[in-house]
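K.L.:
One structure follows; several queries about it will come next.
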Amino acid sequence: MDAIECILTRRSIRRFTARSLSDAQWGQLLAAAAEAPSAFDERPWEFIVVRETATLRTLDAQMPKCDALKTATGGLLLCGVPALEKYPGYWPQDCAACAQNVQLAAHALDLGCVWLALVGIPDREAAIRACFGLPERLTPFALLALGEPAETPDRALRYDADRVHYDRWPAVSPAPGTT
């Protein structure tokens, strides 16, 4: 699958089969994560590979609206490390690029993935900190639920030309959805 096809066909997967990820798949996902761009090449992240489904089920019970953890066979916890930044403020963007790399790599490997946001959601952050014993220097950013897909969502065409402007914001812009 080429890169453009991968980007255009990737969908969030929230239901998984019981098949676990192989060591080779984990290796490829982690390599893709590590190749994400980061400001000043600081790579302000740490990972915890979650292979124990009991841990994922416990987190599902503690974190509302994280139903993908009911069937996920793996998870990748992505934590930001603000202390690694040369210039403060970039780590969330760096971690977002990292998480997107994992989602695209999972899709290219015929795996399913959904990004479960953690940063800025106090109840989720607390559950993650308690479950994994995270030190204060790490900020839980996202938990990527992974596994073999048990669903195939339809492709959605998300490009909206009405939201694209060239060179500057128009002096008079139409309301969204009108032209």
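The values are calculated or read from the model by the stated rules, or taken from the named source; none is laboratory data. Quick caveat: nothing in here was measured; it's all calculated off a predicted structure. With ideal geometry, Cβ positions are generated from the backbone for all residues, glycine too; neighbour counts draw on all protein chains shown. Only protein heavy atoms, including side chains, enter the accessible area calculation; ligands, DNA and RNA are left aside. Shrake-Rupley method; radii C 1.70, N 1.55, O 1.52, S 1.80 Å.
K.L.:
Report the convex hull volume per residue for the chain, counting only C-alpha atoms, in Å³.
P.N.:
Here the figure is 161 Å³ per residue.
K.L.:
Taking N as the number of residues in the stretch 32-93, what is its alpha-carbon radius of gyration divided by 2.2 N^0.38 Å?
P.N.:
My calculation over the Cα atoms of the stretch 32-93 gives 1.37.
K.L.:
Then there's this: Distance in nm between label sites at Val164 and Asp110, each 7 Å beyond Cα in the beta-carbon direction?
P.N.:
Here the answer is 3.3 nm between the modelled labels.
K.L.:
Determine the per residue accessible area of the stretch 1-150 with all protein chains present and a 1.4 angstrom probe, expressed in square angstrom.
P.N.:
49
K.L.:
Return the FRET efficiency for the residue pair Ile121, Ala171: r is the Cβ-Cβ distance, R0 is 41 Å, and the value is rounded to the nearest 0.05.
P.N.:
The formula returns an efficiency of 0.60 here.
K.L.:
While we're here: When the dipole is taken about the Cα centre of the stretch 1-98, and only Lys, Arg (+1) and Asp, Glu (-1) are charged at their Cβ, what size is it in debye, to the nearest 20?
P.N.:
The calculated dipole for the stretch 1-98 is roughly 580 debye.
K.L.:
Can you list which of the trypsin sites (Lys or Arg not before Pro) found in the stretch 64-167 are DSSP loop residues with at most 10 other C-beta atoms within 10 Å?
P.N.:
For trypsin sites (Lys or Arg not before Pro) across the stretch 64-167 that sit outside H, G, I, E and B with at most 10 neighbouring Cβ atoms in 10 Å, the list reads Lys65, Lys86, Arg155, Arg158.
K.L.:
Using the charge dipole of the chain (Lys, Arg: +1 at Cβ; Asp, Glu: -1 at Cβ; taken about the Cα centre), state which of Thr53, Ala142, Tyr87 has its Cα farthest towards the positive end.
P.N.:
Checking the options against the dipole of the chain, the answer is Thr53.
K.L.:
At most 13 other Cβ atoms within 10 Å and a DSSP loop assignment: could you name the chymotrypsin sites (Phe, Trp or Tyr not before Pro) in the stretch 96-163 that fit?
P.N.:
Answer by residue number: Tyr159.
K.L.:
How far apart, in nm, are the 7 Å Cα→Cβ label points at Tyr87 and Glu136?
P.N.:
It works out to 2.8 nm between the two label points.
K.L.:
Simple spin-label model, 7 Å along Cα-to-Cβ: Glu52 to Arg155 in nm?
P.N.:
Distance between the two pseudo-spin positions: 4.1 nm.
K.L.:
Over the chain, what percent of the accessible surface lies on carbon and sulfur atoms, probe 1.4 Å?
P.N.:
For the chain, the apolar C and S fraction of the accessible surface comes to 54 percent.
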